[in-house]
1. With +1 assigned to the C-beta of every Lys and Arg and -1 to the C-beta of every Asp and Glu, and no other charges, what is the dipole magnitude of the range 154-205 about the Cα centre in debye, to the nearest 20?
2. Below 8 Å between Cα atoms, with a sequence gap of 6+, how large is the relative contact order for the range 111-169 in percent?
3. Do you know the relative contact order of the chain, to the nearest whole percent, from alpha carbon pairs under 8 angstrom that are 6+ apart?
4. Please list the three semi-axes, largest first and in whole Å, of the ellipsoid equivalent to the range 60-128, using sqrt of 5 times the eigenvalues of its alpha carbon gyration tensor.
5. Given the options Phe164, Val87, Tyr135, identify the residue whose Cα lies farthest towards the positive end of the charge dipole of the range 71-169 (+1 on Cβ of Lys, Arg; -1 on Cβ of Asp, Glu).
6. Which listed residue (Gly44, Pro14, Gly61) has the Cα farthest towards the positive end of the charge dipole for the range 8-77, taking +1 on Lys and Arg C-beta and -1 on Asp and Glu C-beta about the Cα centre?
7. Report the net charge of residues surrounding Phe164, where surrounding means a beta-carbon distance below 14 angstrom and charges are Lys +1, Arg +1, Asp -1, Glu -1.
8. Quick one: Thr38, Thr179, Thr7, fewest Cβ neighbours within 10 Å first, how do they rank?
Amino acid sequence: METLYATMNPEAIPWDMSEPPEALVDLVEGGRVTPCRTVEFGCGTGTSVVYLASKGFRVTGIDISPTAIRIAREKADKKGVTADFLVADVLGDVGWIRNSCRFAYDWELLHHIMPDEREQYVANVHAVLGPGGKYLSVCFSESDPQFGGQGKYRRTPIGTLLYFSSEEELAELFSPRFTIIDLETRTIAGRYAPHLAVYAFMEKR
Ligand SMILES: C[S@@+](CC[C@H](N)C(=O)[O-])C[C@H]1O[C@@H](n2cnc3c(N)ncnc32)[C@H](O)[C@@H]1O
């Protein structure tokens, strides 16, 4: 991912949108998630972090790409909002924010996390949340017609290998640690084409 961020024209990065996702805005504007200590895993260039910070959330954005985090910091400065950013692997140690957040969020991250890594990842999300903390996760659905239109593993035109999920497998992944509030397949915006994605909104058990 670092190579992509470091070499691609930012205007061409397929997921890198200038506005936060409508699904996130709806949660915030609808008051289902209220300003609190928040973490975004796989924050990319920080569009959602900047949005949440502008709404009074105290947000930390984490991404494995140093270039994405540099751009995210610049974006936050330019918008005049305060947020923390960290270059780190979301599968690594999260002890430094254990139990400290009331909202955790990932947008189009989970399809980069392969099935054998997912349990560790979800354990990390659970660990950063305090009691009753909320979690929104949105990733590509196996019914998404993009990138060849079928198969659980699909190679994209820019060379990334993604894993496409079903609602059933995500219910199985999340339900040991979270009470699922909403789980559905939705159309989400993309730079080049819309995608079908699985939307999961949950509460820590
Ligand atoms: C498709 S992009 C989405 C970025 C951002 N959420 C957005 O909507 O613009 C996925 C992001 O996850 C990051 N990522 C992938 N695997 C990661 C990992 N193991 N640890 C941290 N970040 C990771 C990538 O660097 C990339 O920025």
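Bear in mind that the values in this text are calculations on the coordinates, not laboratory data. Since we're looking at a predicted model, the values are computed, not measured. Cβ sites come from the backbone with ideal geometry, for glycine too, and all protein chains shown count toward neighbours.
1. 320 debye
2. 38 percent
3. Relative contact order here is 18 percent.
4. Semi-axes, largest first: 23, 15, 10 Å.
5. Going by the charge dipole, the pick is Val87.
6. Towards the positive end, the residue furthest out is Gly61.
7. In short, -2.
8. Exposure proxy ranking, most exposed first: Thr7, Thr179, Thr38.
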